[in-house]
Amino acid sequence: MIRTLRLDPQGNQHLGGSEQIDLWRTEGGMLWVDLQSEVKADETNILESLGCHQLAIQDAQRDRHPPKIEQFHDSTFVLYRGIATFNSELEHEAQTIAFFINPTLLITRHPQEATSVERLFNEQGAALLKAGPGHLALKVMHTSAGIYLESLLEFEARLSDVEDTLLERGSDELMKELVYYRSRLVKLRRLFNYHKNITDELRGDEFSSIAYTDDAMSHAINDLHDRFDRLYTMAQMFYDICGDLIDGYISISSHQLNRTMQVLTVITAIFIPLGFLAGLYGMNFDHMPELHMANGYYVLLSVMGTIAVGLLALFRRMRWL
């Protein structure tokens, strides 16, 4: 699917398809071309006809490629990891959004529907395009980062609930959930670090279409950088919290196991001497010294009781009980 948003030299907005590209070439103005799920060969022809570099097109069409930014002649190429779906459980489906930016043209290319692009195309697209394709590209990324942020803030509430439940009645199911969250947070942290590095590079002066020169552009770049820095910090913080909760649960479980083993050790220590005496006098020999002792049974019970009480008193003094 190809759709276009064109601003003519008078500032009038025109929505359409590929016909707006021809009008832009003849009349001038600003143009936003959005490519989604387009046939690869047709997509390549469109991008080449609009002056996109072949290497940039190849990177944009790869199924998996880390986020990056490059300068090609008078065009800036940005690969951004956008969002197809994302929720408060950190279940997300990311997709690569490619931006081809020059002073009068913005091309966005993505394989599936991109939430950030959809939000801006019809609502604010014309106003943002009027400010410049660079501003528009930054706004798309900023909107996408906002969606990440909303879901992470919702996840913070879920993590707080898990923490309270784990302290009150921890279970292996909660442990599995925390391990799952940690694996998701590792991926998100790596992703946000890529994007933070892109905004770091944008602060230089080597990218002509997103130049860090005028106040409006520098403010937009700084704002985007702060948002990705916050996302990276939050992902790292939540990762550490999940790790602390897992370690805490393991420590509590180990302590409970130690207490159980301690009680079993005390019981075993008490019954070993009693079992020895019972075994000793349970032997079938005719000439045992205490065999015909009138009160031998009660003496032995008294000795066994004294040993048991004495060991209990000793263990209590040692605070094992």
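Data table
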| quantity | calculated |
| --- | --- |
| Förster radius 56 Å - calculated FRET efficiency between Glu48 and Asp164 (Cβ-Cβ, nearest 0.05) | 0.45 |
| Size of electric dipole in the chain: Cβ of Lys, Arg +1 and of Asp, Glu -1, about Cα centre, debye, nearest 20 | 1180 debye |
| Stretchable slack from Arg190 to Gln13, in nm (0.36 nm times residue separation minus alpha-carbon distance) | 59.8 nm |
| Assigned charges on the beta-carbon of Lys, Arg, Asp, Glu; the stretch 110-178 dipole about Cα centre (debye) | 660 debye |
| Range in the chain, longest, excluding exposed trypsin sites (Lys or Arg not before Pro) [loop by DSSP; at most 11 other beta-carbon atoms within 10 Å] | 65-318 |
| Estimated translational D of the stretch 192-321 in µm²/s (Stokes, Kirkwood radius over Cα pairs; 10 °C; 1.306 mPa s) | 72 µm²/s |
| Unit charges at the beta carbon, dipole of the stretch 173-321: most positive-side option, Ser183, Tyr297, Leu314 | Tyr297 |
| Projected area, mean over directions - the chain, Cα convex hull, nm² | 26.7 nm² |
| Extension gain from Leu280 to Gln61, taking 0.36 nm per residue of separation minus the Cα-Cα distance | 70.4 nm |
| Rounded percent of accessible protein surface that carbon and sulfur make up, the stretch 32-153, 1.4 Å probe | 46 percent |
| R0 of 56 Å, Cβ-Cβ distance Glu70-Trp320: FRET efficiency to nearest 0.05 | 0.25 |
| Computed [θ] at 222 nm, deg cm²/dmol, the chain (DSSP H ≥ 4; -39,500 (n - 2.57); rounded to nearest 500) | -21500 deg cm²/dmol |
| Accessible area (Å², per residue) of the stretch 74-186, counting only protein heavy atoms and a probe of 1.4 Å | 40 Å² |
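The values are calculated or read from the model by the stated rules, or taken from the named source; none is laboratory data. Fair warning: this is a prediction, and the values are worked out from it, not measured in the lab. Note: ideal-geometry Cβ built from the backbone for every residue, glycine included; neighbour counts use all protein chains shown. Only protein heavy atoms, including side chains, enter the accessible area calculation; ligands, DNA and RNA are left aside. Shrake-Rupley method; radii C 1.70, N 1.55, O 1.52, S 1.80 Å.
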